[in-house]
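J.: One structure follows; several queries about it will come next.
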Amino acid sequence: MILYIASTNPGKIKEFREAAQESGVTVEPLPGMRSLPACVEDGRTFEANARKKALHYSRCVNGLLLADDSGISVDALGGAPGVYSARFAGPNATDQQNNQLLLKRLREVQARASEQTLHPSPASRSAQYICVIALAERGRILTTTEGQGKGQILESPRGSGGFGYDPLFYFPPLGKTYAELSPEAKFGVSHRGEAFRKLLGFLATHSKTK
């Protein structure tokens, strides 16, 4: 079974491809996606954006297509950057610029807390990575799945793997950031891995009923 993915993010495509290898599913980038009219991702939730992308791009291919929207939600920032994770520091921001802005915002929160009390407690650095996947076929949504990974934001990056906010996202059960984990270990515990395993479960059941 071929499953097309509406993404131009090489890190994301690589993760999905590797995770699908033992499932009998082959993940392929949507052919010619860069030349297609872009989907406007103006949804207010991860699910809304995932569904929009899946509906938009599934009309451009014969077969099943997945689109995901994912990002990080930091408690001390009221859930930001959320759906703006990829463009937190601007429309064409790099991962490094987004990470630097996130740390700056957390330092500002801590500074405000220090001004308001003589004995400030450290600002909460708890955060959740969230991923929603939408599966569509010819402009029709078949299902959506969601995964979450809970952790903390470090004060400085660690590790050279992964992408996005992975160098800052510390996963307590393994004592490492996502960027310090092997691709297999990361996908085994990550938000994207959880959402994708749920999708593979749906595909396995769906294919049997056809």
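The values are calculated or read from the model by the stated rules, or taken from the named source; none is laboratory data. Source: prediction; values computed, not measured. With ideal geometry, Cβ positions are generated from the backbone for all residues, glycine too; neighbour counts draw on all protein chains shown. Just so you know, the surface numbers come from the protein's heavy atoms only, side chains and all, with ligands and any DNA or RNA stripped out. Shrake-Rupley method; radii C 1.70, N 1.55, O 1.52, S 1.80 Å.
J.: Given the conditions (1) without any contact (Cβ under 8 Å) to a residue 24 or more places away in the chain; (2) assigned to a helix (DSSP H, G or I); (3) closer than 22 Å to LYS150 by Cβ, report the number of the one that SER85 does not fulfil.
T.: (1)
Matching residues to (1) on the phi > 0 side of the Ramachandran plot; (2) surrounded by fewer than 14 Cβ atoms within 10 Å (Cβ to Cβ); (3) among the polar types (S, T, N, Q); (4) in contact with a Ser or Thr (Cβ under 7 Å, 6 or more places away or on another chain):
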site	(1), (2), (3), (4)
VAL74	no, no, no, no
LEU77	no, no, no, no
PRO91	no, yes, no, no
SER114	no, yes, yes, no
ILE130	no, no, no, yes
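J.: Report yes if GLN21 is at pLDDT 95 or above, open to solvent by 60 Å² or more (accessible area, probe 1.4 Å) and over 15 Å from the mean Cα position of the chain (by Cα), otherwise no.
T.: Taking the combined requirement at face value, the residue does not satisfy it.
J.: Could you count how many residues in segment 190-202 are crowded, with 22+ Cβ neighbours inside 10 Å and of a type in the set (Gly, Ala, Ser)?
T.: Qualifying residue count for the region: 2.
J.: Still on this model: Can you find, within segment 44-62, the residue that is farthest from TYR165 (Cα to Cα) among those that are free of Cβ contacts under 8 Å to residues at least 40 places away in the same chain and hydrophobic (A, V, I, L, M, F, W, C)?
T.: Out of the qualifying residues, it is CYS60.
J.: Select from segment 4-43 the residues that are over 24 Å from THR94 (Cβ atoms), in contact (Cβ under 8 Å) with a residue 60 or more places away in the chain, in contact with a helix residue (DSSP H, G or I) (Cβ under 7 Å, 6 or more places away or on another chain) and not in a helix (DSSP H, G or I) and list them in ascending order.
T.: VAL25
J.: So which of PHE187, PHE163 ends up being part of a helix (DSSP H, G or I) and either touching a helix residue (DSSP H, G or I) at 6+ places or on another chain (Cβ under 9 Å) or open to solvent by less than 20 Å² (accessible area, probe 1.4 Å) (or both)?
T.: Unique residue meeting the criteria: PHE187.
J.: Residues in segment 146-156: is at least one open to solvent by 30 Å² or more (accessible area, probe 1.4 Å), in contact with a Leu (Cβ under 9 Å, 6 or more places away or on another chain), of a type in the set (A, V, I, L, M) and under 18 Å from LEU77 (Cβ atoms)?
T.: Yes, segment 146-156 contains a residue that is open to solvent by 30 Å² or more (accessible area, probe 1.4 Å), in contact with a Leu (Cβ under 9 Å, 6 or more places away or on another chain), of a type in the set (A, V, I, L, M) and under 18 Å from LEU77 (Cβ atoms).
J.: Within segment 166-184, take every residue that is in contact (Cβ under 8 Å) with a residue 60 or more places away in the chain and part of a loop (DSSP other than H, G, I, E, B) and give me the one that is least open to solvent (accessible area, probe 1.4 Å).
T.: In this case the residue turns out to be LEU168.
J.: Do the conditions hold for LYS53, that is, is it modelled with pLDDT of 95 or more and either of a type in the set (Lys, Arg) or not in a loop (DSSP other than H, G, I, E, B) (or both)?
T.: Taking the combined requirement at face value, the residue satisfies it.
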